[in-house]
Every structure is written in C-alpha cells, then in structure tokens.
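Worksheet for the structure shown next.
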2 protein chains.
Amino acid sequence: MIGFIGFGEAAYEMAKGLTQEGVTGIIAYDPLLIEQDMSHIIKEKMTAVGVVPCADAKEVAIKRELLIVAVPAQFALAACEAVEEDLTASHLYVDVSASSPTVKKNIAAKIAKSNGKSVDAAMLGPLTVNQHKVPMFISGDGAHEFKKRMDPYGMNITVVSEQAGDASSIKLMRSIYMKGTAALLMELLEASRELKVEDQVLASIKETMEAVPFEQVVNQLVTGTSIHSERRGIELEGSLELLEQLSINSVMTQASKTKLDYVSQLGLRQSFKGNRPSTWQDVIDEMKVKHQASKAGEYHASK
Amino acid sequence: MIGFIGFGEAAYEMAKGLTQEGVTGIIAYDPLLIEQDMSHIIKEKMTAVGVVPCADAKEVAIKRELLIVAVPAQFALAACEAVEEDLTASHLYVDVSASSPTVKKNIAAKIAKSNGKSVDAAMLGPLTVNQHKVPMFISGDGAHEFKKRMDPYGMNITVVSEQAGDASSIKLMRSIYMKGTAALLMELLEASRELKVEDQVLASIKETMEAVPFEQVVNQLVTGTSIHSERRGIELEGSLELLEQLSINSVMTQASKTKLDYVSQLGLRQSFKGNRPSTWQDVIDEMKVKHQASKAGEYHASK
C-alpha cells in the first residue's frame with residue numbers, strides 16, 4: 001500500500017505504528033541500503049517491521065502510488081527529482097520532511113506536472129513518542145485524500161489548506177510562539193525562584209492568560225502594545241536591572257525591549273492617534289503600511 | 001484619612017476614585033506646589049477632587065497616619081527620607097512607585113526603624129483607566145492592614161507576602177512574560193498574515209495553550225526544552241529563514257534561538273541523562289547548580 005522514500009527514524013516509527021494498525025505491503029528505499037557497511041543494518045530494521053526493501057527510489061514509485069517521503073530537509077527536492085518522471089495521475093506524494101515552505105511549493109509544482117497529487121506534511125512532535133499518531137498538519141491538493149486514506153489507521157492529521165507550503169509555514173510560525181514562550185519561562189522562572197516569588201508570578205500570569213479565550217489575550221496584548229510600546233519598553237528596564245542584579249541571562253527580556261522600541265519607532269501610536277485599535281489585524285496591517293512607506297522613503301532618498 | 005505624598009497622575013486618579021467611594025479628609029503634598037508657575041495648576045487639581053494641599057511632605061506625615069507615596073521611582077527613597085523622622089508606630093507607609101525591589105526593601109527598613117508599617121505596592125495597569133480600582137499587588141509588614149482598610153472602597157488589592165520587595169519583584173517578572181508574549185505575537189503574526197495562515201497558526205497555538213491548565217503548559221515547555229534545547233534551536237532556524245525571506249523583524253526569534261543555544265551549552269540534557277525531568281523546578285534548580293559550577297570553575301581557573 002505505502003512506499004517510503006527515506007527510512008530514517010521518522011519512517012521507521014511510522015511504518016512500525018502503521019503495521020501494528022494492520023497496514024500491509026509497505027515497501028521502502030533508503031540510500032543507506034546501497035552503502036556496504038550500512039546495508040545490513042537498515043535491511044534488518046525494515047524487515048523487523050515488515051517492510052520490504054527496494055533497490056532505488058524509482059522502484060518504490062513504480063510499485064506504490066502512495067509515497068511517503070521522509071528524508072532530511074536538504075534532500076527533499078532531490079528525492080522528488082529522483083522519481084518525478086515515474087509519477088502518474090494516480091500518485092499521492094507526501095513529503096513529511098522538515099523543509100521550508102518554498103521547497104514544499106517547488107516539490108508540489110513538480111508533482112503537479114506529473115498530474116499526481118501532493119501533500120506538504122509538517123510533523124508537530126517526535127515520532128519516537130507518538131509513532132504514526134504524531135500530530136501532523138498537512139496542506140496541498142492531495143491533503144484531503146491523504147487524510148481520508150490514513151484516518152482509519154489512527155493517524156492524527158489536520159488538513160490546514162490545499163496550498164502546499166501552508167502546513168510547513170504554520171509549523172514554523174507556531175514554533176516561534178512555543179519555543180519563544182519556553183525561552184521566556186526559563187528566564188523569568190530562574191529569576192523568580194531565586195527571589196522566592198515563583199508561585200505568585202505563575203499564578204498571576206495564569207490568571208491573565210486564562211481570564212479570557214486565547215484570541216482575546218492576543219488581541220489585548222497586540223492592540224495595547226501598538227500604542228503603549230514606549231512605556232512598556234521603559235518598564236522592562238526594571239525587569240532587566242533585576243535580572244542583572246541576580247546575574248541571570250536576560251537575552252529574551254533584552255530582545256523584548258528591543259522589539260518594543262522597534263514598534264515604538266514605527267509610529268503606530270501616532271497612526272492610531274493614541275487610541276487602541278479594535279483588533280490585532282489592524283495593528284499588523286498598519287505595521288505593513290509603515291514598512292512599505294519606509295521602503296518607499298529609502299527608495300526616494302536613494303534616487 | 002489618607003495623605004498623598006506626590007500628586008501626579010497616579011495619586012490624582014486614585015484620590016478621585018476614592019473620593020467618589022466616599023473617602024473624605026484626603027490631604028496631599030507635591031513638589032510642584034512650591035513651584036511658582038505650577039502651584040496654581042496643581043492646587044486646582046487637588047481641590048477639584050476634594051484634596052487639601054499641604055506645605056510639605058512632613059505636614060502630610062504629621063497630619064495623617066496612612067501615607068500613600070506616589071512619586072516617580074527615582075524620588076521614592078528621598079520621599080521616604082523626607083518624612084522618616086516624623087513617622088510613628090501608627091503610621092502605614094504605602095509606596096506605590098515603580099521602584100525596584102531593592103529600593104522598596106530599603107524604604108521598608110527605614111519605616112521599620114520608626115516602628116511604623118510599610119507596604120510595597122505594585123500597580124498592574126494604568127490608573128487613568130481603572131482609577132483606584134487598578135489591580136495592585138502588595139507586600140510588606142503592613143500589607144494585610146492596608147488591604148483590610150481599603151477593600152471597602154472597591155480597591156483591587158492582592159496581598160502577595162509580608163516581605164517588602166516581593167510585590168515589585170512579581171510585577172517585574174510577570175512583565176517579562178506579558179511583554180515578551182506581546183513581542184512574540186507581533187513577530188509571528190506579521191509573518192503569518194503575510195503568508196495568509198494567521199488563523200490556523202493562532203488556532204494551533206490556542207489548542208496547545210488551552211489543552212491543559214497553564215501550570216502544566218509551563219511544566220511541559222520547560223522540562224521538554226531542558227533536554228531538547230539543541231534540536232529545538234536548530235528547528236528555529238527554519239522560522240528565522242522564513243522571517244528573513246519575508247523581510248520581517250526577527251529579534252524575538254533570534255533571541256529564542258540564542259536562549260535555546262545557551263540552555264544547550266549548560267548541559268542540562270547530560271545532567272538529566274536525556275530523560276525529561278518531572279517538574280520545571282528540577283530544571284531551574286539544575287540551571288543554578290550549573291551556573292555555580294561554572295562560576296567555581298572560573299574562580300579555580302583564575303587562581
């Protein structure tokens with residue numbers, strides 16, 4: 001049923017999970033199969049989970065119509081090029097690599113030429129823990145079909161759009177928030193625990209974050225910051241001083257101050273005449289206007 | 001009943017709100033009262049809200065036992081010194097300035113010498129909007145008394161501890177999270193809207209942030225990052241590339257990557273032998289151990 005191109009940790013875990021769900025007939029190719037030293041090891045790994053090895057990627061593409069391509073990001077385009085002329089309108093090409101949205105779009109364009117359908121899949125966690133059930137965002141013209149075919153096997157797939165690149169973009173944007181929040185927490189918890197106020201600090205943040213639904217928190221924070229960035233930047237100096245006193249790494253707080261100063265210098269407060277705009281979208285759209293005006297200014301200045 | 005030392009915007013709004021709640025007998029001193037040009041204006045402001053002007057801070061301290069000191073942070077210590085010898089065991093000295101925890105502690109020590117009680121108050125929002133009802137964290141040996149006396153007038157006071165400095169520390173730590181989150185959001189929403197995936201990005205973050213109570217989110221993020229900081233730092237490179245492609249300011253994402261690299265370099269993964277620790281406290285405590293070991297190393301190296 002499924003052919004894997006690339007059989008590293010991700011494909012192995014996925015194949016293992018799917019086999020346990022009753023999927024049969026999985027075949028796979030991995031470049032290590034033709035490396036003398038490694039061939040033995042990778043073959044053993046495949047047969048351990050009931051996967052049949054292939055001689056090359058072309059063989060996988062010829063024998064199977066559902067291809068899951070799980071190669072390191074830097075090889076994703078090459079993997080596609082290795083099989084593109086063997087693809088037909090029946091093929092569903094699913095790239096689960098951590099490639100950029102641009103690479104995912106380029107792959108989708110190649111697949112479209114073959115009349116096959118493609119999926120940009122972004123995995124949102126380690127497969128070693130969740131195996132085939134890892135939360136996965138997908139987009140592309142084959143997204144709905146892939147979800148429909150895989151849902152019976154317990155996969156945790158969310159279709160985000162029919163545009164290749166979207167799933168990867170969402171993952172990368174989501175990452176900014178989740179990893180940034182982790183970094184912020186480490187910084188403030190180090191200081192708060194040193195000051196023995198960690199419980200109250202977390203309780204206070206919890207109260208604000210959980211008082212209203214997340215979308216309202218976003219709206220309050222972004223619209224408020226658009227007109228109060230200058231004052232808030234100055235207020236952060238107190239936090240920075242305290243971190244310095246405690247000799248605690250303050251890279252996130254410094255960046256927050258720099259970002260607030262950057263927002264101040266865009267002049268959003270003036271754009272909104274000091275009145276808080278209604279939605280975060282108003283703020284972001286005005287930021288874009290300011291950027292474009294500043295680029296136009298540079299253009300005129302350079303003439 | 002109440003004497004204000006410093007009568008800028010904060011004291012004015014508080015006095016106005018408290019007067020409307022039925023508080024009478026408020027007196028106040030502000031240095032502007034003795035500046036020829038400003039005296040008239042500040043007196044008018046006081047009388048407009050039923051506040052009686054005093055000749056100096058000492059007069060306020062002698063005539064009233066509940067003192068609310070609302071001066072700019074850099075004058076907070078001087079304001080205390082101006083009245084300390086007039087304070088008695090009946091005095092309750094409430095500093096609502098945005099001073100550092102250290103200044104708040106110094107003030108508390110001075111008040112303690114006079115046998116009076118003191119409050120470190122941190123205001124968590126603009127008084128122009130909430131007046132006397134602005135959310136306020138307080139700490140210090142006079143905290144419970146102040147809350148008891150002011151609750152009947154609709155003030156929104158939370159006692160956080162009996163240690164001066166704690167209220168201000170909590171405010172400064174909370175600030176790191178709230179302002180940092182705002183800065184993160186502006187960065188990722190600028191990019192997400194440009195990519196037209198903003199709704200899915202917010203929905204995905206919302207799902208994760210609201211799936212479990214905030215304290216569990218904190219635990220997952222901090223413990224996970226302690227052992228996966230290196231991988232997560234590398235993953236952020238994709239987000240950075242995308243921001244660069246879109247010409248969007250990436251100061252927060254860059255800082256997050258720097259912070260993750262910093263955590264990796266501390267060697268927490270090795271400390272925990274690759275196993276996720278149970279609580280965020282384990283992580284923060286191990287960070288402290290690592291810092292101390294590295295300081296000791298520097299000490300030995302410099303000998």
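Restricting region B:21-63 to residues that are in contact (Cβ under 8 Å) with a residue 40 or more places away in the chain and within 22 Å of B:Arg149 (Cα to Cα) leaves a set whose member that is farthest from the chain's Cα centre (by Cα) is B:Lys63.
When A:Ile234, A:Ile284, A:Ile227 are checked against the criterion of being at the interface with another protein chain (Cβ under 10 Å from one of its Cβ atoms) and in contact (Cβ under 8 Å) with a residue 40 or more places away in the chain, A:Ile284 stands alone in meeting it. If you scan region A:9-49, which residues turn out to be closer than 21 Å to A:Val129 by Cβ, of a type outside the set (A, V, I, L, M) and surrounded by 17 or more Cβ atoms within 10 Å (Cβ to Cβ)? Within region A:9-49, A:Tyr12, A:Glu13, A:Lys16, A:Gly17, A:Thr19, A:Lys45 qualify.
Here B:Ala121 clears all of (1) more than 14 Å from chain A (Cβ to nearest Cβ); (2) in a helix (DSSP H, G or I); (3) crowded, with 24+ Cβ neighbours inside 10 Å; (4) not basic (Lys, Arg) except the condition numbered (2). Restricting attention to region B:177-212 and to residues that are within 7 Å of chain A (Cβ to nearest Cβ) and outside any helix (DSSP H, G or I), the residue that is nearest to A:Pro101 (Cα to Cα) turns out to be B:Leu195.
From the list B:Met136, B:Met178, pick out the single residue that is free of Cβ contacts under 8 Å to residues at least 60 places away in the same chain, outside the structural domain of B:Leu67 (by TED's automatic domain parsing) and under 12 Å from the mean Cα position of the chain (by Cα). Even if it seems obvious, please write down each step before you answer.
Details: B:Met136 fails: outside the structural domain of B:Leu67 (by TED's automatic domain parsing).
Residue meeting the stated conditions: B:Met178.
Pairing each residue of region A:1-19 that is within 13 Å of A:Pro72 (Cα to Cα) and at pLDDT below 95 with any residue that is outside any strand (DSSP E or B) and of a type in the set (Ser, Thr, Tyr), provided the two are 6+ apart or on different chains, yields C-beta distances under 8 Å for A:Glu9/A:Thr128.
Only one of the listed residues (A:Val251, A:Val197) is buried (at least 22 other Cβ atoms within 10 Å of the Cβ) and touching a Ser or Thr at 6+ places or on another chain (Cβ under 9 Å). That residue is A:Val197. Among residues of region B:88-111 that are outside the structural domain of B:Ala57 (by TED's automatic domain parsing) and hydroxyl-bearing (Ser, Thr, Tyr), none has a beta-carbon under 6 Å from a residue that is at pLDDT below 95 and surrounded by fewer than 24 Cβ atoms within 10 Å (Cβ to Cβ) at least six positions away or on a different chain. Checking every residue in region B:162-169 against the condition of being in contact with a helix residue (DSSP H, G or I) (Cβ under 6 Å, 6 or more places away or on another chain), free of Cβ contacts under 8 Å to residues at least 60 places away in the same chain and of a type in the set (A, V, I, L, M, F, W, C) gives zero matches.
Which residues, counting only those in region B:1-22, are in contact with a helix residue (DSSP H, G or I) (Cβ under 6 Å, 6 or more places away or on another chain) and among the aliphatic types (A, V, I, L, M)? Correct list: B:Ile5, B:Ala10, B:Met14, B:Leu18. Does any residue of region B:95-114 turn out to be part of a helix (DSSP H, G or I), at pLDDT below 95, within 14 Å of chain A (Cβ to nearest Cβ) and under 19 Å from B:Ala10 (Cα atoms)? Within region B:95-114 (the criterion being part of a helix (DSSP H, G or I), at pLDDT below 95, within 14 Å of chain A (Cβ to nearest Cβ) and under 19 Å from B:Ala10 (Cα atoms)), the answer is no, since none of the residues qualifies.
The values are calculated or read from the model by the stated rules, or taken from the named source; none is laboratory data. All values reported here derive from a predicted model rather than from experimental measurement. As a convention, Cβ positions derive from the backbone with ideal geometry for all residues, glycine included, and neighbour counts pool all protein chains shown.
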